[in-house]
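The values are calculated or read from the model by the stated rules, or taken from the named source; none is laboratory data. Keep in mind that what you see is a predicted model, and the values were worked out from it rather than measured. Cβ: placed from backbone, ideal geometry, glycine included. Neighbour counts: every protein chain shown. Areas reflect the complete protein model, heavy atoms only, side chains present, ligands, DNA and RNA absent. Shrake-Rupley method; radii C 1.70, N 1.55, O 1.52, S 1.80 Å.
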Amino acid sequence: MFSAKVTLLHVFDLYSHDAFQLYVRSVSEVAEEQQKLALEKLDSFLKSEFPIAGSQRILLSGDAAKQIVQLARTNKFDLIIMPTHAGFFRRNLLGSTTAKVLNDADCPVLTTQHAETISPRQLEHREWVCATGLDSDSQRVLQYASQVAESVHANLTLVHVIPASGPDVPVELDLEERLQSAKREAASRRIGALQSAASSRALVSIAIGPIRDTLTEAARRLRADVLVIGRSPQSGVLGRLRDLSYAMARDAPCPVLSV
């Protein structure tokens, strides 16, 4: 859809071995064999989908997350695509490599389940959802989502979630309804300003509830092909990856594009 050039990167453990191997051979011999096996696997991987002549294949060794982030930065990649854990493990644990890449990468990162567990929809079905906050970084995320969705002729829906009052906060029902109505109106005005600044014409959905669960349900209800979420543009002390970003990449029912 993007006419993009694809590079296949594999990072392997140069010194992956067991005690018996080291007993009968030198470390250099074991490392050389590991490199040879990794290269053979990489060269034979998805040959029909990504012909070697048109898609560069790069083999690196070392810490996987560091190598992925550094190569993306050096080669000025526009996007990193990588899977999270599949099945039960995906629901309970985001792979440490994926989490590190999400935290350290400068470019957008698309995470999804392993391909074997997915039944892709037809390309004509293009429904994108953008989770939008109301902070200073929201315009950047919205502008990115709007431009990319438009480039692939996808329908874009903005979803903003207003956190519900906790059960331990005693509020009269009538007052709660008035507060929620005021929050909706304020959010609607702010989103309107953001859309105007980002030249976006997306549909808007404002919901009240737990943020993660509400976003997950919205993506499922809209049968989203992609859920766009924001990461902090600065690494800083706390890093780019926040708890909500982690949870959405782990639990979302569709691929998550973290920008």
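Measuring only protein heavy atoms, the 1.4 Å probe finds ASP174 accessible over about 90 Å². Near the amide H of ILE81, within less than 5 Å, lie the amide hydrogens of LEU110, all on another chain or at least 5 residues away, with H placed in the peptide plane. Per-residue 3J(HN,Hα) values for the range 207-217, derived from phi via the Karplus relation 6.51 cos²θ - 1.76 cosθ + 1.60 with θ = phi - 60°, read 10, 10, x, x, 4, 4, 5, 5, 5, 4, 5 Hz in sequence order (x marks Gly and Pro). Exposure check, 1.4 Å probe, all protein chains in place: PHE2 carries approximately 110 Å² of accessible surface. Applying 1/(1 + (r/R0)^6) with R0 = 35 Å to the Cβ-Cβ distance of SER3 and GLU217, what FRET efficiency is obtained, to the nearest 0.05? In this case the efficiency is close to 0.55. Note that the range 55-64 has calculated 3J(HN,Hα) couplings of 10, 5, 10, 10, 10, 10, 10, x, 6, 4 Hz, one per residue in order, obtained from phi through the Karplus relation 6.51 cos²θ - 1.76 cosθ + 1.60 (θ = phi - 60°); glycine and proline are x. The local environment of GLN195, defined by Cβ-Cβ distances under 14 Å, has a net charge of +3 under the rule Lys, Arg +1 and Asp, Glu -1.
Placing a pseudo-label 7 Å from each Cα along the Cα-to-Cβ vector at LYS66 and SER26 gives an inter-label distance of 2.5 nm.
With a cut-off of 10 Å between beta carbons, the residues surrounding GLN70 carry a summed charge of 0, where Lys and Arg count +1 and Asp and Glu -1.
The H on the amide N of SER61, modeled in the peptide plane, is under 5 Å from the matching H of PHE12, each at least 5 residues off or on a different chain.
Peptide packing for 249-259, 36-46, 66-76 was compared via the average number of neighbouring C-beta atoms within 10 Å per residue; ordered from the highest value, the list is 249-259, 66-76, 36-46. Shown in residue order for the range 139-151 are the 3J(HN,Hα) couplings computed by the Karplus curve 6.51 cos²θ - 1.76 cosθ + 1.60 at θ = phi - 60°: 5, 4, 5, 5, 5, 4, 4, 5, 5, 5, 4, 5, 5 Hz (x for Gly and Pro).
Determine the gain in length on full extension of the stretch SER188-ASP135; use 0.36 nm per residue of separation and subtract their C-alpha separation, reporting nm with one decimal. Before the final figure, lay out the partial values.
On the way: separation 53, 0.36 × 53 = 19.08 nm, distance 1.37 nm.
Once the chain is fully extended between SER188 and ASP135, it gains 17.7 nm.
Can you figure out the FRET efficiency of GLN180 with VAL152, using R₀ = 30 Å and their beta-carbon distance, to the nearest 0.05? Approximately 0.30, to the nearest 0.05. Extending 7 Å from Cα along the Cβ direction at GLU33 and again at ASP13 yields two label points whose distance is 1.6 nm. Name the lysines eligible as straight-distance cross-link partners of LYS47: C-alpha to C-alpha under 29 Å, and not fewer than 8 places from it in the same chain. Straight-line reach from LYS47, under 29 Å: LYS5, LYS36, LYS66, LYS76, LYS100.
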